[in-house]
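Participant: Here it is, the structure in full.
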Amino acid sequence: MSEIKRDAFIDGRWVARDARFAVTDPFDDSEIAQVADADDAMVDAAVEAAARAFPAWKRRPAAERGRLLGQVAARMLADERRLADLCTRENGKPLKEAIAEVRYAASFLTWFGGEAERVYGETIPASNAAQRLTVIREAVGPVAVITPWNFPYAMLTRKLGAALAAGCTVVAKPAEATPLGTLALAELCEAVGIPAGVFNVVPSSHGGRIGGRLLAAKAIRKISFTGSTEVGQLIMRNAAADLKRVSLELGGNAPFLVLADADLDAAVAGALVAKFRNSGQTCVAANRFILEAPIAEAFTAKLSAAVAKLVVGRGSDPATDIGPVIDDAAVAKIKRLVEDGVSRGARVVFGAAPAGTSRLIAPVVLAGITPEMALWREEIFGPVIALRTAMDEADAIAQANDTEAGLVAYVYTRDGARQHRVAEALEAGMVGVNEGLVSTAQAPFGGIKHSGLGREGSRHGIDDYTNLKYIATRIG
Ligand code: NAD
């Protein structure tokens, strides 16, 4: 299993198409593979296959579905170096991060493989002595899964694991830039004997059009999307036509609070993790650093010293901490944000504003950020640190909540009461307290406000793939 899969995967078969699109390495634009560019007919065939496979997959004992998911996870781990290399090539991320992603992605299959057997119903004491009231949880049906390019494996398995565990079938449309990881996972699903039609993949260079067709298909009963807030809003509007269930994991604009009593070394270590994973291109990236005035200067100095040690380079080089950003549009966006900040008075306190067109962007630290700046309002999605000072705890919280996003927030403080007080005041679906990495399969991942709907991971992650069915039985 060393060859890169390049065709669509529909109803258990690899389906070629003359029309193909190039998947390239973001580092140097070298071509990795020419991938089948799915058309409408292939999308329709994939949806039909998922619909046909659904009744038998749903009826299959949960333990068997769970066991198959566990087997895919085991194969992923056994094959982690190949999968990680592929990820580094198509996404650009450093190899050590790609390995971590493969493990993280596999952990969702393991977790949901276990959860399959715990999709419990309930019995309810009836007020009528002649009745018995039971509630069962049933798979919602075929699911459309649409994923972004920044975590090609993990964003898929968070959905695929929950869907397959619940008894749903899936048609996935990976991001244009990174379809190869999804196809590699389809190959592993095929290898362990997941039946034809249960997991289908339609790669496309026309994400909006082909994604739109997939989401509009009548047989699709649920949509699970990870990507930008704008596309998420469009999907939710369109889903109304058929009243499809929708889960949306959307953009973030995470605040990272460092309060006056924080352990500054721990805060710097957390900041590096929260900011620079995937070259800053994560939905949970620390976007706005909010520093309580007494420690602002000391934290900035320590952080700049740590940032100075980061190595920027090709992802496949083991020394690399920060790989290339995904494409030219990402470079242009980062430059626009920094130029806007500097033109409005932000100060470069470490590094230099990015110049040129290279996708390798060296980290830069900017202080004196103000709310009018685009750096404050928009997801940076790059290795840029934006610092703002707060007068006190209340000011820090007000600044943190000054955003439409609500995915994650981070706070560093040693005071136990303050930890709870601030965590509860922050408007976010997740809070890291003295912790820069909150993501784990056992916990509910997801946002509030414009960051989305629903949760992935944890025992809650399966809920969105099941319908409650209440059964009233007359016994006498
Ligand atoms: P994007 O919204 O441009 O694309 C995401 C996916 O949607 C791609 O597969 C794309 O082809 C598809 N798509 C685009 N238009 C579509 C349409 N009209 N109908 C159906 N599908 C369509 O986002 P991106 O640039 O690939 O990813 C980056 C964004 O994803 C960031 O905002 C990031 O914060 C967010 N993200 C969120 C999470 C989370 O869990 N909350 C995780 C990772 C990334």
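Participant: Pairs please, first residue from segment 134-152 and within 17 Å of Glu101 (Cβ to Cβ), second anywhere and more than 6 Å from the ligand (Cβ to nearest atom) and open to solvent by 20 Å² or more (accessible area, probe 1.4 Å), Cβ atoms under 6 Å, 6+ apart in sequence or on different chains.
Facilitator: These pairs meet every condition: Trp149/Ala177.
Participant: Looking only at residues in segment 176-206 that are open to solvent by 10 Å² or more (accessible area, probe 1.4 Å) and within 22 Å of the chain's Cα centre (by Cα), which one is farthest from Val231 (Cα to Cα)?
Facilitator: Glu187
Participant: Only one of Gly92, Gly121, Gly141 is open to solvent by less than 10 Å² (accessible area, probe 1.4 Å) and within 30 Å of Ile471 (Cα to Cα); which?
Facilitator: Gly141
Participant: Here's something else I'd like to know. Residue check, Ala175 against (1) closer than 18 Å to Lys244 by Cα; (2) within 16 Å of the ligand (Cβ to nearest atom); (3) among the hydrophobic types (A, V, I, L, M, F, W, C), all met but one. Which one?
Facilitator: Only one criterion is unmet by Ala175, namely (1).
Participant: Across segment 145-172, what is the number of residues that are within 9 Å of the ligand (Cβ to nearest atom), closer than 16 Å to Val201 by Cβ and not in a helix (DSSP H, G or I)?
Facilitator: Qualifying residue count, segment 145-172: 4.
Participant: Mind telling me which of the residues Arg277, Arg237 ends up being within 16 Å of the ligand (Cβ to nearest atom), open to solvent by 50 Å² or more (accessible area, probe 1.4 Å) and farther than 27 Å from Asp44 by Cβ?
Facilitator: Arg277
Participant: Here's a check for you: in segment 442-476, which residue that is within 18 Å of Leu250 (Cα to Cα) and of a type in the set (A, V, I, L, M) is surrounded by the most Cβ atoms within 10 Å (Cβ to Cβ)?
Facilitator: Only one residue tops the list, namely Leu453.
Participant: Just to confirm my filter: which helices (runs of 4 or more DSSP H) fall fully inside segment 57-127 and include at least 2 residues that are touching a helix residue (DSSP H, G or I) at 6+ places or on another chain (Cβ under 6 Å) and closer than 22 Å to Val311 by Cβ?
Facilitator: 80-91, 95-115
Participant: Only one residue in Gly227, Gly212 is near the ligand (Cβ under 8 Å from one of its atoms), farther than 24 Å from Ala405 by Cα, out of contact with any Lys or Arg (no Cβ under 9 Å at 6 or more places or on another chain) and in the same structural domain as Ala45 (by TED's automatic domain parsing), so which one is that?
Facilitator: It is Gly212.
Participant: Just wondering, is there one or more residues in segment 406-425 that are within 20 Å of Thr226 (Cα to Cα) and open to solvent by 10 Å² or more (accessible area, probe 1.4 Å)?
Facilitator: Scanning segment 406-425, I find no residue that is within 20 Å of Thr226 (Cα to Cα) and open to solvent by 10 Å² or more (accessible area, probe 1.4 Å), so the answer is no.
Quick grid of which residues meet (1) of a type outside the set (Ser, Thr, Tyr); (2) open to solvent by 30 Å² or more (accessible area, probe 1.4 Å); (3) more than 20 Å from Gly280 (Cα to Cα):
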| site | (1), (2), (3) |
| --- | --- |
| Glu64 | yes, yes, yes |
| Leu83 | yes, no, yes |
| Ala100 | yes, yes, no |
| Tyr104 | no, yes, no |
| Phe108 | yes, no, yes |
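Participant: Now for a separate question. Based on what the data block shows, is Ile295 open to solvent by 10 Å² or more (accessible area, probe 1.4 Å), hydrophobic (A, V, I, L, M, F, W, C) and within 13 Å of the ligand (Cβ to nearest atom)?
Facilitator: For Ile295, the condition - open to solvent by 10 Å² or more (accessible area, probe 1.4 Å), hydrophobic (A, V, I, L, M, F, W, C) and within 13 Å of the ligand (Cβ to nearest atom) - is not met.
The values are calculated or read from the model by the stated rules, or taken from the named source; none is laboratory data. Treat the numbers as computed from the prediction; the structure is a model and nothing was measured. For neighbour counting, all protein chains shown are included, and Cβ atoms are generated from backbone atoms with ideal geometry for every residue, glycine included. With ligands, DNA and RNA removed, areas are computed over all heavy atoms of the protein, side chains included. Shrake-Rupley method; radii C 1.70, N 1.55, O 1.52, S 1.80 Å.
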